[in-house]
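The values are calculated or read from the model by the stated rules, or taken from the named source; none is laboratory data. Worth saying up front: this structure is predicted, and the values here are computed from it rather than measured. Cβ placement follows ideal geometry from the backbone for every residue including glycine, while neighbour counts extend to all protein chains displayed. With ligands, DNA and RNA removed, areas are computed over all heavy atoms of the protein, side chains included. Shrake-Rupley method; radii C 1.70, N 1.55, O 1.52, S 1.80 Å.
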Amino acid sequence: MLGFFSSPTLVHHDTGPAHPERPDRLRAIHRALRASKLLSSPDPFPEFDLDLGLMPDYSATPLTELAPNPADESLPLLVHTPAMIEKMKTAISHGQAHLDPDTPVSPRSWEMALLSLGCVIDATAAVVSGKCRRALAASRPPGHHAEPDRAMGFCLLSNVAIAARHAQRHHGVGKVAIVDFDVHHGNGTQAAFDDDPSVLFISLHQHPRTCYPGTGYEWEIGVGKGVGTTLNIPMNPGGDDADYLREIDQKVLPKLNDYKPELLILSAGFDAHTDDPLAGMNASEDGFASITQRLTQAANTLCNGRVVSALEGGYNLRALARSFAKHANALAIT
Ligand SMILES: [Zn+2]
(Lines give C-alpha, C1' and ligand atoms only; values in the text may rest on other atoms or scores of the structure.)
Protein backbone atom coordinates (compact mmCIF):
# COMPACT_ATOMS: atom_id res chain seq x y z
CA MET A 1 0.00 0.00 0.00
CA LEU A 2 1.20 3.46 -0.96
CA GLY A 3 0.28 6.01 1.73
CA PHE A 4 -0.38 9.57 0.59
CA PHE A 5 0.18 12.50 2.93
CA SER A 6 -0.91 15.98 1.95
CA SER A 7 -3.25 18.70 3.13
CA PRO A 8 -5.24 21.31 1.20
CA THR A 9 -4.43 23.70 4.07
CA LEU A 10 -0.88 23.98 2.74
CA VAL A 11 -2.03 26.59 0.21
CA HIS A 12 -1.89 29.05 3.13
CA HIS A 13 1.86 29.40 2.76
CA ASP A 14 1.26 32.41 0.51
CA THR A 15 4.23 33.33 -1.65
CA GLY A 16 2.31 35.72 -3.89
CA PRO A 17 0.86 35.15 -7.38
CA ALA A 18 4.10 35.62 -9.32
CA HIS A 19 6.33 33.30 -7.31
CA PRO A 20 7.23 29.94 -8.87
CA GLU A 21 6.71 28.04 -5.58
CA ARG A 22 3.03 28.99 -5.38
CA PRO A 23 -0.07 27.38 -3.88
CA ASP A 24 -1.33 26.32 -7.33
CA ARG A 25 1.41 23.67 -7.35
CA LEU A 26 -0.52 21.80 -4.68
CA ARG A 27 -3.83 22.34 -6.49
CA ALA A 28 -2.33 20.98 -9.72
CA ILE A 29 -1.04 17.84 -8.03
CA HIS A 30 -4.38 17.15 -6.35
CA ARG A 31 -6.12 17.58 -9.70
CA ALA A 32 -3.75 15.18 -11.49
CA LEU A 33 -4.08 12.49 -8.83
CA ARG A 34 -7.84 12.53 -9.36
CA ALA A 35 -7.66 12.79 -13.14
CA SER A 36 -5.47 9.66 -13.14
CA LYS A 37 -7.78 7.92 -10.62
CA LEU A 38 -5.02 7.49 -8.04
CA LEU A 39 -7.37 9.28 -5.63
CA SER A 40 -11.15 9.01 -5.62
CA SER A 41 -12.00 11.53 -2.88
CA PRO A 42 -13.54 14.89 -3.92
CA ASP A 43 -11.06 17.42 -5.28
CA PRO A 44 -10.44 19.98 -2.48
CA PHE A 45 -9.94 22.68 -5.13
CA PRO A 46 -12.93 22.33 -7.49
CA GLU A 47 -12.64 25.94 -8.72
CA PHE A 48 -9.04 25.50 -9.84
CA ASP A 49 -8.66 25.53 -13.62
CA LEU A 50 -5.89 23.51 -15.27
CA ASP A 51 -5.72 21.70 -18.59
CA LEU A 52 -3.83 18.49 -17.88
CA GLY A 53 -4.47 16.90 -21.25
CA LEU A 54 -5.17 13.18 -21.47
CA MET A 55 -4.27 11.39 -18.25
CA PRO A 56 -3.59 7.67 -17.76
CA ASP A 57 -6.00 5.52 -15.73
CA TYR A 58 -4.21 4.26 -12.63
CA SER A 59 -7.35 3.12 -10.81
CA ALA A 60 -5.90 -0.38 -10.34
CA THR A 61 -3.33 0.92 -7.84
CA PRO A 62 -4.93 3.77 -5.89
CA LEU A 63 -3.17 5.74 -3.16
CA THR A 64 -4.31 5.46 0.45
CA GLU A 65 -4.97 8.95 1.79
CA LEU A 66 -3.76 9.44 5.35
CA ALA A 67 -4.13 12.64 7.37
CA PRO A 68 -0.85 14.27 8.41
CA ASN A 69 -0.23 15.87 11.80
CA PRO A 70 1.69 19.12 12.06
CA ALA A 71 5.22 18.41 13.27
CA ASP A 72 5.91 19.25 16.89
CA GLU A 73 7.79 22.55 17.26
CA SER A 74 10.76 20.69 18.73
CA LEU A 75 11.39 18.50 15.68
CA PRO A 76 13.08 21.09 13.42
CA LEU A 77 15.82 21.20 16.08
CA LEU A 78 16.87 17.69 15.02
CA VAL A 79 18.61 19.50 12.14
CA HIS A 80 18.31 23.27 12.56
CA THR A 81 19.94 25.59 15.10
CA PRO A 82 17.73 27.20 17.76
CA ALA A 83 18.90 30.62 16.50
CA MET A 84 17.73 29.87 12.96
CA ILE A 85 14.31 28.75 14.16
CA GLU A 86 13.90 31.80 16.43
CA LYS A 87 14.92 34.13 13.62
CA MET A 88 12.41 32.56 11.24
CA LYS A 89 9.54 32.62 13.71
CA THR A 90 10.26 36.23 14.65
CA ALA A 91 10.48 37.32 11.01
CA ILE A 92 7.16 35.68 10.19
CA SER A 93 5.34 36.92 13.29
CA HIS A 94 6.59 40.47 12.65
CA GLY A 95 5.18 40.41 9.14
CA GLN A 96 8.52 40.32 7.34
CA ALA A 97 7.90 39.51 3.66
CA HIS A 98 11.03 37.48 2.89
CA LEU A 99 13.47 35.19 4.71
CA ASP A 100 15.95 35.55 1.86
CA PRO A 101 15.49 37.23 -1.54
CA ASP A 102 14.01 34.02 -3.02
CA THR A 103 11.95 32.95 -0.04
CA PRO A 104 8.78 34.92 0.66
CA VAL A 105 6.68 34.19 3.74
CA SER A 106 3.17 35.07 4.87
CA PRO A 107 1.51 35.19 8.30
CA ARG A 108 0.75 31.44 8.37
CA SER A 109 4.08 30.28 6.93
CA TRP A 110 5.52 28.91 10.19
CA GLU A 111 2.36 26.89 10.81
CA MET A 112 2.48 25.64 7.21
CA ALA A 113 6.20 24.80 7.47
CA LEU A 114 5.39 22.56 10.45
CA LEU A 115 2.50 20.94 8.56
CA SER A 116 4.64 20.40 5.46
CA LEU A 117 7.32 18.84 7.66
CA GLY A 118 4.62 16.78 9.39
CA CYS A 119 3.58 15.26 6.04
CA VAL A 120 7.14 14.03 5.45
CA ILE A 121 7.67 12.84 9.03
CA ASP A 122 4.34 10.99 9.08
CA ALA A 123 5.04 9.44 5.67
CA THR A 124 8.38 8.21 6.99
CA ALA A 125 6.87 6.94 10.23
CA ALA A 126 4.17 5.08 8.29
CA VAL A 127 6.82 3.23 6.29
CA VAL A 128 9.25 2.42 9.09
CA SER A 129 6.43 1.24 11.37
CA GLY A 130 5.14 -1.07 8.64
CA LYS A 131 1.78 0.69 8.34
CA CYS A 132 2.48 1.33 4.64
CA ARG A 133 4.92 -0.38 2.32
CA ARG A 134 5.74 3.02 0.80
CA ALA A 135 4.58 6.58 1.29
CA LEU A 136 4.41 9.77 -0.68
CA ALA A 137 4.18 13.34 0.65
CA ALA A 138 2.82 16.19 -1.47
CA SER A 139 3.60 19.14 0.70
CA ARG A 140 4.97 22.67 0.50
CA PRO A 141 7.02 24.66 1.39
CA PRO A 142 9.73 22.32 0.09
CA GLY A 143 12.87 21.64 2.10
CA HIS A 144 16.10 20.59 0.42
CA HIS A 145 17.73 24.04 0.23
CA ALA A 146 17.11 24.90 3.91
CA GLU A 147 20.46 24.58 5.70
CA PRO A 148 20.91 23.90 9.42
CA ASP A 149 21.38 27.63 10.07
CA ARG A 150 19.36 29.35 7.35
CA ALA A 151 16.22 29.18 5.23
CA MET A 152 16.85 29.69 1.52
CA GLY A 153 15.66 28.88 -1.99
CA PHE A 154 11.89 28.63 -1.31
CA CYS A 155 12.65 26.25 1.58
CA LEU A 156 11.89 26.90 5.27
CA LEU A 157 12.65 23.64 7.05
CA SER A 158 14.84 20.80 5.85
CA ASN A 159 11.91 18.37 5.67
CA VAL A 160 13.67 15.27 4.37
CA ALA A 161 16.74 15.69 6.59
CA ILE A 162 14.57 16.10 9.68
CA ALA A 163 12.45 13.08 8.74
CA ALA A 164 15.59 10.97 8.23
CA ARG A 165 16.94 12.01 11.63
CA HIS A 166 13.55 11.41 13.23
CA ALA A 167 13.46 7.88 11.78
CA GLN A 168 16.86 7.21 13.32
CA ARG A 169 16.16 8.73 16.74
CA HIS A 170 12.54 7.69 17.24
CA HIS A 171 12.08 4.57 15.15
CA GLY A 172 15.43 2.84 15.56
CA VAL A 173 16.37 3.05 11.90
CA GLY A 174 20.10 2.81 11.24
CA LYS A 175 21.44 3.77 7.83
CA VAL A 176 19.27 6.00 5.65
CA ALA A 177 19.88 6.83 1.98
CA ILE A 178 18.48 10.00 0.47
CA VAL A 179 18.37 10.37 -3.32
CA ASP A 180 17.56 13.89 -4.50
CA PHE A 181 16.61 14.18 -8.19
CA ASP A 182 15.34 17.74 -8.04
CA VAL A 183 17.12 19.74 -10.76
CA HIS A 184 18.79 21.88 -8.09
CA HIS A 185 21.47 20.65 -5.72
CA GLY A 186 20.09 19.65 -2.31
CA ASN A 187 22.57 21.81 -0.42
CA GLY A 188 20.54 21.87 2.79
CA THR A 189 20.22 18.11 3.07
CA GLN A 190 23.90 17.74 2.24
CA ALA A 191 24.87 20.24 4.96
CA ALA A 192 22.79 18.38 7.55
CA PHE A 193 24.76 15.14 7.04
CA ASP A 194 28.13 16.33 5.71
CA ASP A 195 30.10 14.62 8.49
CA ASP A 196 27.62 11.83 9.25
CA PRO A 197 28.18 8.39 7.71
CA SER A 198 24.77 7.15 8.95
CA VAL A 199 23.05 9.03 6.11
CA LEU A 200 24.05 8.59 2.47
CA PHE A 201 23.13 11.67 0.44
CA ILE A 202 23.06 11.44 -3.35
CA SER A 203 22.06 14.41 -5.50
CA LEU A 204 21.59 14.48 -9.27
CA HIS A 205 21.23 18.06 -10.47
CA GLN A 206 21.98 20.53 -13.23
CA HIS A 207 25.64 21.55 -13.10
CA PRO A 208 26.34 24.18 -10.40
CA ARG A 209 28.16 26.39 -12.91
CA THR A 210 24.84 26.83 -14.69
CA CYS A 211 22.21 26.55 -11.98
CA TYR A 212 21.10 27.62 -8.51
CA PRO A 213 22.39 27.26 -5.79
CA GLY A 214 25.90 26.94 -7.28
CA THR A 215 26.97 23.96 -5.16
CA GLY A 216 27.01 20.21 -5.70
CA TYR A 217 30.35 19.69 -7.46
CA GLU A 218 31.69 16.14 -7.74
CA TRP A 219 34.43 16.97 -5.27
CA GLU A 220 31.88 17.60 -2.52
CA ILE A 221 32.02 14.12 -0.98
CA GLY A 222 31.46 14.82 2.72
CA VAL A 223 33.84 15.78 5.51
CA GLY A 224 35.50 13.94 8.43
CA LYS A 225 33.76 10.67 9.16
CA GLY A 226 31.24 11.50 6.45
CA VAL A 227 33.74 11.34 3.57
CA GLY A 228 32.27 8.99 1.00
CA THR A 229 28.64 9.25 2.09
CA THR A 230 27.89 12.30 -0.05
CA LEU A 231 27.69 11.73 -3.81
CA ASN A 232 27.09 14.65 -6.15
CA ILE A 233 26.28 14.02 -9.79
CA PRO A 234 26.19 17.30 -11.73
CA MET A 235 24.48 17.02 -15.12
CA ASN A 236 25.17 19.16 -18.16
CA PRO A 237 22.29 21.42 -19.22
CA GLY A 238 20.12 19.81 -21.86
CA GLY A 239 20.52 16.31 -20.44
CA ASP A 240 17.54 14.02 -21.01
CA ASP A 241 15.99 10.83 -19.66
CA ALA A 242 18.77 8.67 -21.10
CA ASP A 243 21.40 10.80 -19.34
CA TYR A 244 19.58 10.49 -16.02
CA LEU A 245 19.11 6.74 -16.35
CA ARG A 246 22.75 6.25 -17.31
CA GLU A 247 23.95 8.19 -14.24
CA ILE A 248 21.56 6.23 -12.05
CA ASP A 249 22.69 2.88 -13.43
CA GLN A 250 26.41 3.68 -13.39
CA LYS A 251 26.70 5.72 -10.19
CA VAL A 252 23.61 5.79 -7.99
CA LEU A 253 22.66 2.11 -7.94
CA PRO A 254 26.21 0.86 -7.25
CA LYS A 255 26.52 3.37 -4.41
CA LEU A 256 23.20 2.25 -2.89
CA ASN A 257 24.23 -1.39 -3.26
CA ASP A 258 27.50 -0.76 -1.43
CA TYR A 259 25.85 1.28 1.32
CA LYS A 260 22.91 -1.05 2.04
CA PRO A 261 20.47 1.46 3.57
CA GLU A 262 17.57 0.42 5.78
CA LEU A 263 15.34 3.13 4.33
CA LEU A 264 15.36 5.11 1.07
CA ILE A 265 13.98 8.65 1.00
CA LEU A 266 13.51 10.46 -2.30
CA SER A 267 13.70 14.23 -2.57
CA ALA A 268 11.38 14.27 -5.54
CA GLY A 269 11.61 17.45 -7.57
CA PHE A 270 10.17 17.61 -11.06
CA ASP A 271 11.95 20.75 -12.28
CA ALA A 272 14.30 18.75 -14.53
CA HIS A 273 11.25 18.48 -16.84
CA THR A 274 11.85 19.97 -20.26
CA ASP A 275 8.98 22.46 -19.75
CA ASP A 276 10.17 23.75 -16.38
CA PRO A 277 10.85 27.50 -16.36
CA LEU A 278 13.64 27.48 -13.75
CA ALA A 279 16.19 25.09 -15.25
CA GLY A 280 17.51 23.71 -18.50
CA MET A 281 17.22 19.93 -18.39
CA ASN A 282 15.09 17.84 -20.75
CA ALA A 283 13.60 15.07 -18.62
CA SER A 284 10.09 13.82 -19.44
CA GLU A 285 7.18 12.53 -17.41
CA ASP A 286 8.00 8.96 -18.46
CA GLY A 287 11.59 9.67 -17.50
CA PHE A 288 10.53 10.48 -13.95
CA ALA A 289 8.58 7.20 -13.88
CA SER A 290 11.69 5.31 -15.01
CA ILE A 291 13.90 7.07 -12.45
CA THR A 292 11.38 6.18 -9.75
CA GLN A 293 11.18 2.59 -10.93
CA ARG A 294 14.97 2.13 -10.88
CA LEU A 295 15.29 3.54 -7.36
CA THR A 296 12.31 1.60 -6.04
CA GLN A 297 13.67 -1.65 -7.49
CA ALA A 298 16.89 -0.95 -5.59
CA ALA A 299 14.87 -0.49 -2.39
CA ASN A 300 13.06 -3.77 -3.04
CA THR A 301 16.41 -5.51 -3.10
CA LEU A 302 18.14 -3.57 -0.33
CA CYS A 303 15.61 -2.44 2.26
CA ASN A 304 12.42 -4.44 1.97
CA GLY A 305 10.97 -1.92 -0.47
CA ARG A 306 10.89 0.86 2.11
CA VAL A 307 10.69 4.09 0.10
CA VAL A 308 9.41 7.48 1.19
CA SER A 309 9.04 10.22 -1.40
CA ALA A 310 8.79 13.91 -0.54
CA LEU A 311 7.94 16.66 -3.00
CA GLU A 312 10.59 19.31 -3.63
CA GLY A 313 10.45 21.49 -6.78
CA GLY A 314 8.63 21.56 -10.12
CA TYR A 315 7.28 24.85 -11.42
CA ASN A 316 5.42 24.24 -14.67
CA LEU A 317 2.03 23.28 -13.25
CA ARG A 318 1.02 20.86 -15.98
CA ALA A 319 4.45 19.20 -16.14
CA LEU A 320 4.65 19.00 -12.35
CA ALA A 321 1.19 17.50 -11.94
CA ARG A 322 1.52 14.95 -14.74
CA SER A 323 5.02 13.96 -13.60
CA PHE A 324 3.89 13.60 -10.00
CA ALA A 325 1.09 11.21 -11.01
CA LYS A 326 3.53 9.06 -13.01
CA HIS A 327 5.96 9.10 -10.10
CA ALA A 328 3.19 8.01 -7.71
CA ASN A 329 2.13 5.19 -9.99
CA ALA A 330 5.70 3.98 -10.40
CA LEU A 331 6.05 3.89 -6.62
CA ALA A 332 2.81 1.92 -6.38
CA ILE A 333 3.52 -0.73 -9.00
CA THR A 334 7.27 -1.38 -8.71
ZN1 LIG B 1 14.48 22.55 -7.63
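Heavy-atom accessible area for ILE121, with the other protein chains in place and a 1.4 Å probe, reaches approximately 10 Å². Between GLU86 and SER106, the simple label model (points 7 Å from Cα in the Cβ direction) yields a spacing of 2.9 nm.
The residues ASP182, ASP102, sorted by heavy-atom accessible surface at 1.4 Å with ligands and nucleic acids left out, run ASP102, ASP182 from largest to smallest. Charging the Cβ of each Asp and Glu at -1 and of each Lys and Arg at +1, and nothing else, the dipole of the chain about its Cα centre rounds to 820 debye. Ordering of 144-150, 77-83 by packing is 144-150, 77-83, highest average first (other Cβ atoms within 10 Å, averaged per residue). Entry comment: accessible area of the chain is 37 Å² per residue, from protein heavy atoms only and a probe of 1.4 Å. Between LEU50 and THR64, the modelled label-to-label distance comes to 2.6 nm, taking each label 7 Å out from Cα in the direction of the beta carbon. Based on C-alpha pairs under 8 angstrom that are at least 6 apart in sequence, the chain has a relative contact order of 19 percent. Among ARG169, ARG322, ARG25, the sequence by solvent-accessible area, most first, with a 1.4 Å probe is ARG169, ARG322, ARG25. Only helices reaching 15 angstrom along their own axis (Cα) with mean Kyte-Doolittle hydropathy no lower than 0.5 count here, and for the DSSP H runs of the chain these are 109-128, 317-333. Compared with the alpha-carbon gap, the fully stretched path from ALA18 to GLN96 is longer by 26.3 nm at 0.36 nm per residue. The modelled label-to-label distance between SER129 and ILE333, using points 7 Å beyond Cα along the C-beta direction, is 3.0 nm. In this view, the solvent-accessible surface of SER106, computed with a 1.4 Å probe and all protein chains in place, comes to about 20 Å². Solvent exposure of TYR315, expressed as accessible area, is near 20 Å², computed with a probe of 1.4 Å over the protein chains only. Taking only the C-alpha atoms of the stretch 249-334, Rg followed by Dmax gives 13.1, 37 Å.
Projected over all directions and averaged, the alpha-carbon convex hull of the stretch 116-247 occupies 8.3 nm².
For the stretch 17-125, take the convex hull of the Cα atoms, compute a quarter of its surface area, and give me that in nm², please.
One quarter of the hull surface, i.e. the mean projection, equals 8.8 nm².
Each eigenvalue of the Cα gyration tensor of the chain, multiplied by 5 and square-rooted, gives one semi-axis; in descending order these are 25, 24, 20 Å.
Remark: for residue pairs LYS87/LYS175; LYS37/LYS326; LYS131/LYS255; LYS87/LYS225, the C-alpha separation exceeds 20 Å in LYS87/LYS175; LYS131/LYS255; LYS87/LYS225.
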